[in-house]
Amino acid sequence: MDLDRSGLVQALRQADPALSRFDPLPRIIAFDDFDRGFCGWTQLVGNYEHSLDSMLPGYAQHSQAMLSTLSTWDFGSHGSFDGSYALKVASKPRVGAQNVAIKRLTFRKRGPIRLEFYFTFKPEANELRLLETDVRSIGFLYDLQSGDSDADGLRVMPHIRFLNAHDGQHMQTWQFKRRTTEVKPIGTENKTVTHYHLAPQDWEDLPGGHQKLCYNEIPTKVNWHYVRFDYDLETMRATHFQCNDRVFDLAGFDSIKIPAMRNLWCMLNLAFFVETDTDKRAFLYVDSVCLSGDF
Amino acid sequence: MIRESQTAVIARNERWSGQAATEPYEAGWASEAVIFIRALADAQGAGGTARVEISPDGMRWVPEGATFPLPVSKDEVTFARVAHFGNWLRVSSELPDGAALTVLVTFHLKA
């Protein structure tokens, strides 16, 4: 067998059970298996200056992600995709409450990147009912900014969510967002601003984005789902979005775009979020995450 | 392998009065925890008591046994050390009528 370098790399990755379920680009930027700890995933804290009271309420509600064995009251620990632990993001038990986990990086080349991860979601199982419409949404986002020497000084924030339910209606639709709230200064030093990009308004349906995911038949059993999202940092455009067996048309997709900010050059943040549709905690679980790039 | 360690901010700038409790936190990977409560401002009224609670499922809570005073003056910190807590952990508090406290609660967990 005659293998070139890329063929050899691909063969080695496919022989590795942990990586074989991913299709990474040549360079793996991060491979986060939560059996090794939090892997740099932390809570998204809102901006503030002088007082924590200046933090927008949408951010003030956020709390720390957990390492979870998907512990259930009725059959014990579910376990993660291939080990004991998954990253858990939990909302508070108040309709519309959100929580976000974030990983903060920078990029060294403006080119194609690929985010792949496995996820599942459930509400807190405090009733003996299916509860399939208690989680409002789960989703992910990038928070990106061009380099300090680039001509196109932009901050770009691609957002995608799975709107599972809204006001009790089972929606099961992928959505995107191209607008954030007004960017407002915080404090008195003219150094910090804030905006709420996860505000409930301005989500738009992804064309053809209705998808029925496996939810299972009681409120504690879960099944893991695969997502792949390709993005080009050079053109700042999404090029591929897939969940399980479905690949979605991105012709109508767009991102939040706002002027570059003074301290965020080459930023490459990625985040996962969850939102509840009832006064019940909503849980997003992720295991694992592979971020790769073509460089 | 180095021991896993994590600082988790469980409640930030939350105003407590009467009965209060932090959100459930899963930390089955950790064998020990130190729980700190910091007063972000001077408390209103008399001080109160915090107690550590554990749970079989994150929904039904029982006292772990550790109790400690809530801080009273701005930036005062109180704490408790716990081990053998299983998976679920939270801290609850009780303040007398008319009392209130704004807190920062952190769990310091170690495998």
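None of the figures in this text is laboratory data; all of them are computed from the coordinates on show. What you see is a predicted model, and the numbers here were worked out from it, not measured in a lab. Counting neighbours? That spans all protein chains shown, and the Cβs are built from the backbone with ideal geometry, glycine included.
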Theoretical FRET efficiency, 1/(1+(r/R0)^6), r = Cβ-Cβ of B:A83 and A:A251, R0 41 Å, to 0.05: 0.15
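With each run of n ≥ 4 DSSP H residues scored as -39500 (n - 2.57), what mean residue ellipticity at 222 nm is computed for chain A after dividing by its residue count and rounding to the nearest 500 deg cm²/dmol?
Value at 222 nm, helices only, nearest 500: -1500 deg cm²/dmol.
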Which whole-angstrom value gives the distance between the alpha carbon centres of the range B:21-78 and the range A:199-251? 39 Å
With the crude spin-label approximation of a point 7 Å out along Cα→Cβ, what separation in nm comes out for A:D167 versus A:Q201? 1.6 nm
Starting from the amide H of B:G48, placed 1.01 Å from N in the peptide plane, find each other amide H under 5 Å away whose residue is 5 or more places distant or on another chain. B:L70
Modelled FRET efficiency - R0 60 Å, B:T49 with A:S6, Cβ distances, 0.05 increments: 0.40
Sorting A:R104, A:R281, A:R5 on the 10 Å Cβ count, fewest up front, what's the list? A:R5, A:R104, A:R281
How would you classify the range A:15-66 from its alpha-carbon gyration tensor, with a ≥ b ≥ c the square roots of the eigenvalues: rounded for a/c under 1.5, else prolate if a/b is greater than b/c, otherwise oblate? prolate
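For A:Y142, A:Y285, what ranking results if the residue with the fewest other Cβ atoms within 10 Å of its Cβ goes first?
Least crowded to most crowded, the residues run A:Y142, A:Y285.
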What order do you get for A:R129, A:R13, B:R15, A:R161 when you list them from fewest to most C-beta neighbours inside 10 Å? A:R129, B:R15, A:R13, A:R161
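Reported to two decimal places, what Rg/Rh ratio describes the protein assembly as shown when computed on Cα atoms with Rh from the Kirkwood expression?
My calculation puts Rg/Rh at 0.97.
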Gain upon complete extension [A:D16, A:D294; 0.36 nm per residue less C-alpha separation]: 98.0 nm
Kindly count the pairs of lysines across the protein assembly as shown whose alpha carbons are less than 13 Å apart, treating pairs on different chains or eight or more residues apart as eligible. 5
Karplus 3J(HN,Hα) series, Hz, for the range A:279-295 with 6.51 cos²θ - 1.76 cosθ + 1.60 (x for Gly, Pro): 7, 9, 5, 10, 10, 10, 10, 10, 6, 10, 10, 10, 10, 9, x, 9, 7
